[in-house]
Structure formats: structure tokens, C-alpha cells
1. If Ala239 passes every condition in (1) more than 19 Å from Thr320 (Cβ to Cβ); (2) of a type outside the set (Lys, Arg); (3) surrounded by 24 or more Cβ atoms within 10 Å (Cβ to Cβ) but one, which one does it miss?
2. Which pairs have Cβ atoms under 8 Å, sit 6 or more apart or on different chains, and link a residue in region 321-344 that is assigned by the TED database to the domain that holds Ala266 and free of Cβ contacts under 8 Å to residues at least 24 places away in the same chain to one that is part of a helix (DSSP H, G or I) and open to solvent by 70 Å² or more (accessible area, probe 1.4 Å)?
3. State whether the residues of region 86-95 include one that is modelled with pLDDT under 90 and either in contact with a Gly (Cβ under 7 Å, 6 or more places away or on another chain) or open to solvent by 40 Å² or more (accessible area, probe 1.4 Å) (or both).
4. Please verify whether region 459-470 includes one or more residues that are in a helix (DSSP H, G or I), touching a helix residue (DSSP H, G or I) at 6+ places or on another chain (Cβ under 7 Å) and open to solvent by 10 Å² or more (accessible area, probe 1.4 Å).
5. Determine whether region 38-49 contains at least one residue that is in a helix (DSSP H, G or I), surrounded by 14 or more Cβ atoms within 10 Å (Cβ to Cβ), in contact with a Phe, Trp or Tyr (Cβ under 7 Å, 6 or more places away or on another chain) and modelled with pLDDT of 90 or more.
6. Look at region 193-221 and say how many of its residues are open to solvent by less than 80 Å² (accessible area, probe 1.4 Å) and either within 17 Å of Ile494 (Cα to Cα) or among the aliphatic types (A, V, I, L, M) (or both).
7. Which of the residues that make up region 335-360 are within 19 Å of Gln406 (Cα to Cα), among the polar types (S, T, N, Q) and assigned to a loop (DSSP other than H, G, I, E, B)?
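The values are calculated or read from the model by the stated rules, or taken from the named source; none is laboratory data. Values in this document were obtained by computation on a predicted structure and should not be read as measured data. Counting neighbours? That spans all protein chains shown, and the Cβs are built from the backbone with ideal geometry, glycine included. Surface areas here come from the heavy atoms of the whole protein model, side chains and all, with no ligands, DNA or RNA. Shrake-Rupley method; radii C 1.70, N 1.55, O 1.52, S 1.80 Å.
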Amino acid sequence: MADPPGCCSTCATCLLCPYSCQWITAKKEKRKGLRTTKCDCSWFLFLFGVFLFTLVWLYFAIIILNDFHNFNEFIFRQRKLWLDWSQVLLIATAVLISYSSVLLVLALCLQLCGQPLKLHWVHKVLLILTALVVAAAFTGLGIKWAEEWKSARISLQATGPFLHIGTVGGMTLLAWPLASFIYRTRNTGLRVFLLLVYCAAMIALYLAPLGITSPCIMEENQLPPKPALVGHRGAPMLAPENTLMSLHKAVECDVQVFETDVMVSADGVPFLMHDEELTRTTNVQAVFPDRAAQSTAFNWTDLQQLDAGSWFLERRPFPTVQSLSPGDRNETTKQRIPSLEQALEAVKQSNISIMFDLRPENHSDYQNFVNVTLGVILQSGIPLQQVLWLPDGFREDVKHQAPGVQQVYGRKRLKNEKEPVLHVNLPYQDMSSEEIRQYRQDNISVNLYVVNQPWLFSVLWCSGVSSVTTNACQVLKEMKHPIWLLPSSTYLMIWIVVDCVSFLIIIWAFVLLKKCSHRRRPVESETDVLLTKINSLMQE
């Protein structure tokens with residue numbers, strides 16, 4: 001097989017070496033008999049499929065970063081081991097996508113240069129392992145973290161227009177090696193099949209925007225107000241969660257609501273704590289090594305002996321911990337578990353609201369927890385409209401004892417509601433853009449949790465959500481506009497221009513490579529005639 005113009009023997013050798021794991025020189029006699037077989041083509045298609053598979057997983061890996069802190073907490077509760085598993089995920093994904101990408105680029109370059117696609121068995125084994133690892137990752141995601149499929153659907157509303165442009169660009173570039181292969185192969189049926197598949201794929205891509213919807217495709221004057229920020233356990237990226245320092249940091253981020261979790265000590269003092277065990281966010285194992293770490297089993301005096309801040313510096317639950325100032329680090333080490341009374345006083349002074357869950361809901365003395373908590377709220381002197389009540393248990397008693405408290409429901413409204421629902425608090429995966437708009441029209445305040453990434457905040461902003469609960473208040477505070485906002489007319493123009501440019505490039509690729517193939521054919525024909533004559537003379 002003669003090297004086509006523009007592909008020197010040295011380049012061909014350098015491409016063949018990493019792909020085939022053999023140092024094959026570019027001399028004809030060294031490569032005689034080396035051709036791309038049907039099996040080689042099958043392995044190329046498998047390589048292309050693995051590349052797309054890992055690319056989709058990379059997209060999912062980026063999307064689930066919004067919720068990965070929950071996964072880190074889950075692993076800690078199960079194994080008592082803290083690690084930022086998001087870094088492990090990203091590194092492993094980057095290795096897999098880089099490996100398959102390099103192999104695919106080598107294969108496409110070899111095809112353009114007219115070289116055989118002899119994939120080495122080591123690469124074949126590694127590609128199979130890559131496919132199995134990614135398949136296992138998707139399976140685990142579907143079994144243990146199924147709600148992330150909804151997150152992916154929401155993410156397409158943010159990335160759909162740009163994924164379309166990128167896919168059109170990638171498929172357009174694929175026209176070059178495809179045209180090269182079509183003009184080289186003598187199998188007419190294969191030519192027709194590949195052309196039909198490619199044309200069908202491109203037509204589908206050109207028309208894809210007809211099915212792409214995004215709440216951020218709108219005129220700027222139609223953009224709803226920016227959602228209010230609710231500090232999830234305060235500002236947990238800047239200070240230890242559920243501490244007074246975290247509350248004050250959240251106030252600096254302009255949050256309007258401090259979201260927290262309340263438990264009641266063994267002697268009846270409500271305090272701030274999320275986990276049913278004290279292990280993750282205190283030094284309880286060092287202070288009380290012989291006692292079970294159940295949060296509600298300790299009295300208030302014992303709880304005050306615990307350090308609720310140093311773990312934040314030791315475990316670094318977020319990358320932002322590394323950038324804390326010396327003053328903040330010093331203040332972190334002084335944090336103690338705050339009582340609900342202390343938190344209410346700080347909230348009242350900061351003129352923000354407080355929203356909380358009362359845990360654990362399945363406790364045998366839960367009704368007493370509700371009564372004790374209500375008593376602290378009523379004695380604190382805080383305006384009741386600044387208190388947002390989340391727990392569903394004994395809600396009617398709460399309405400009777402403290403009618404001024406705002407009731408927030410962790411469910412969607414029902415068709416036959418006895419009383420109007422004015423506030424709902426739901427995971428961001430549980431409400432569509434259409435539902436958010438409908439609730440907004442009906443004057444129902446919608447708070448969605450937990451929203452950390454700017455892309456997700458942008459989609460919910462464009463949808464018209466009232467507020468979001470976030471770990472990253474310092475990031476979302478700085479956003480003055482959604483990441484992108486396109487008028488429909490602008491998006492239509494981009495769609496048409498991209499499709500037209502892509503079509504012209506594809507036509508150019510096929511025309512140019514056809515001319516190159518015609519230039520090579522006379523030379524190959526003369527060579528075949530000469531070889532035939534030599535063979536005839538030798539037989540005579």
C-alpha cells in the first residue's frame with residue numbers, strides 16, 4: 001500500500017508504533033501483506049464505541065460533582081473513612097478518556113495516511129477493561145444513586161445547545177477519515193452503508209435543535225429575579241457546618257435563610273447537629289472514647305466539651321478549606337456545638353430567617369422534641385415569621401401553638417389541599433421547569449436543594465425558582481447573571497450558521513479526497529501493468 005501524498009514514511013512509522021505496539025518501518029517490503037482486515041475494522045468500531053462510552057461517563061462525572069459531598073458523607077457513615085472521592089472519580093475518568101482518545105486519534109491518522117489498523121492485543125484487553133469499568137460505574141450509579149439520572153436530564157437543559165454544536169463539529173471532522181476510507185475500499189456495499197449511516201446521523205444532528213428546550217433560551221427582559229440563597233448548614237465551604245461561625249459566614253454571603261438541623265440532648269436542650277452520631281463533626285471519640293456516639297444520648301454539659309471545628313481543618317471536606325486565612329483557622333478551632341437558643345439569637349441579630357429539620361424523626365420521644373423546640377422558639381423573642389418549620393411530625397400542634405411560624409412542606413401540593421400551601425422545600429431533581437413556573441404563577445415559594453454548581457443555579461434561575469439551598473453561597477453570591485442567556489432569534493441564527501458551515505466542510509472533504517484518490521489511481525494502475533508484464537516474462 002503506497003503512502004499517500006502528505007504522509008511521509010517516518011510519520012507512518014511513528015503512528016503505527018504506539019497503535020500496533022510494533023516498530024514497523026515504512027519500507028514496502030517490510031509492510032508487504034499488512035492490510036486492514038474486517039476484524040481490524042471491527043476493533044476500530046469497538047474503539048470508537050468505548051470512546052463515546054467514556055465521553056458520556058465524563059459528562060456524568062462532571063454533573064454529579066454538584067452532589068458528591070453527600071456521597072463523601074455516606075462513605076464516612078459506612079466506613080468511618082473520610083476522603084474527597086470526587087478527586088478519585090475525576091482522575092480515574094480522565095485516565096480512561098485520555099487513553100481511548102489517544103488511540104482513536106492514532107487510528108484516524110493512520111486511516112488518513114493509508115496505513116493498516118492493526119490494534120495490538122494489549123490495547124484490545126485494555127479497551128475491554130475500560131468498557132467494563134465504565135459499565136460498572138453506570139450500573140452502580142443506577143442502583144445506589146438513581147436520582148442522578150434526573151440530574152443529567154436537568155443538565156441537558158443547560159448544556160444541550162452547546163453539546164449539539166460540539167457534536168456537529170466532531171461529526172464534521174469525522175468526514176475526513178470516512179471519505180478517505182470510502183475512496184480506498186473496493187466494497188461497494190460497505191461504501192453505500194457507511195454513507196447512508198453518516199448522512200442519517202448528520203441529518204438528525206442538523207435537526208436536533210427542534211427537540212432541544214432550555215429555560216435559558218429567552219429574552220433578557222423575561223429573566224426572573226435571582227433566586228434567594230439559603231445557607232445549607234450555614235456556609236460549610238467556609239466554616240464548620242452547623243456552627244455559629246458558619247452562620248456568620250453565611251450572613252456575609254447575603255443568604256436570606258440559615259438552614260440547619262436540630263436535635264435534643266438527653267436533658268432536653270435543642271442543639272444544632274445533622275448526623276445521628278457525633279463522630280464526623282466532633283472529637284467525641286477522643287473526649288468520650290468509651291461511650292456510644294449517639295447525638296441524643298449526651299446531655300448539654302457533655303456536648304459543650306466537644307470540639308466542633310478542628311475536624312474541618314483536618315479532613316478538609318471542601319477544597320476551599322486550604323484558602324482559609326490564619327484568623328479563620330484560629331476561629332475554627334474554637335467552635336463548639338451551638339444550642340438552638342444561641343442560633344436563634346444570632347439569626348435575630350442578623351435579620352435573616354431560620355429553617356430547620358428536627359431529627360431523628362423516628363425517635364420514640366419525638367413529640368416531646370417538638371414541644372421543647374417550640375418552647376425555645378417562643379421564649380427567644382424572634383419574630384415568628386422568621387422561623388420556617390420543616391418537620392412534618394405533629395405539624396398541626398405546631399400550627400396551634402405557634403400560628404405565626406411559616407410552614408414549609410417537603411412535598412408537592414396535593415389536588416385537594418385543606419389549607420393553601422405557600423412554601424415547598426424539595427430536591428432540585430423533583431421539580432421540572434414547567435412546575436416551577438406554575439408554582440411561581442400561583443404565588444407558591446419554591447426552595448430547591450442542594451444547588452452548588454453555577455450551571456445548575458443558572459437553569460433554576462431561568463426557570464423562576466424562588467430560592468435555593470447551597471453549600472457554595474460564596475460562589476452563587478457573585479453571579480450577576482445566569483452563565484448563559486440566549487434570545488431565541490440568536491440561537492436560531494447560531495443553529496443555521498453551524499449547520500451550513502458543517503455541510504460545506506463535509507462537501508469539501510469528500511471533493512478534496514476524491515481528487516487525491518484520482519491522482520493516485522494512474523500511478524497504481526501503471527504499477528499493476530508493469531508487475532503483470534514482469535510476471536509474464538518470468539513465466540516464459
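1. (1)
2. From region 321-344, no pairs qualify.
3. Our first condition is that a residue be modelled with pLDDT under 90; within region 86-95, this holds for none.
Checked region 86-95: no residue is modelled with pLDDT under 90 and either in contact with a Gly (Cβ under 7 Å, 6 or more places away or on another chain) or open to solvent by 40 Å² or more (accessible area, probe 1.4 Å) (or both).
4. no
5. no
6. Looking only at that region, the number is 18.
7. Passing the criteria: only Asn351.
Let's see how each residue does on (1) open to solvent by less than 20 Å² (accessible area, probe 1.4 Å); (2) of a type outside the set (D, E, K, R); (3) closer than 12 Å to Asn242 by Cβ:
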| residue | (1), (2), (3) |
| --- | --- |
| Leu272 | yes, yes, yes |
| Leu278 | yes, yes, yes |
| Gly309 | yes, yes, yes |
| Leu313 | no, yes, no |
| Arg336 | no, no, yes |
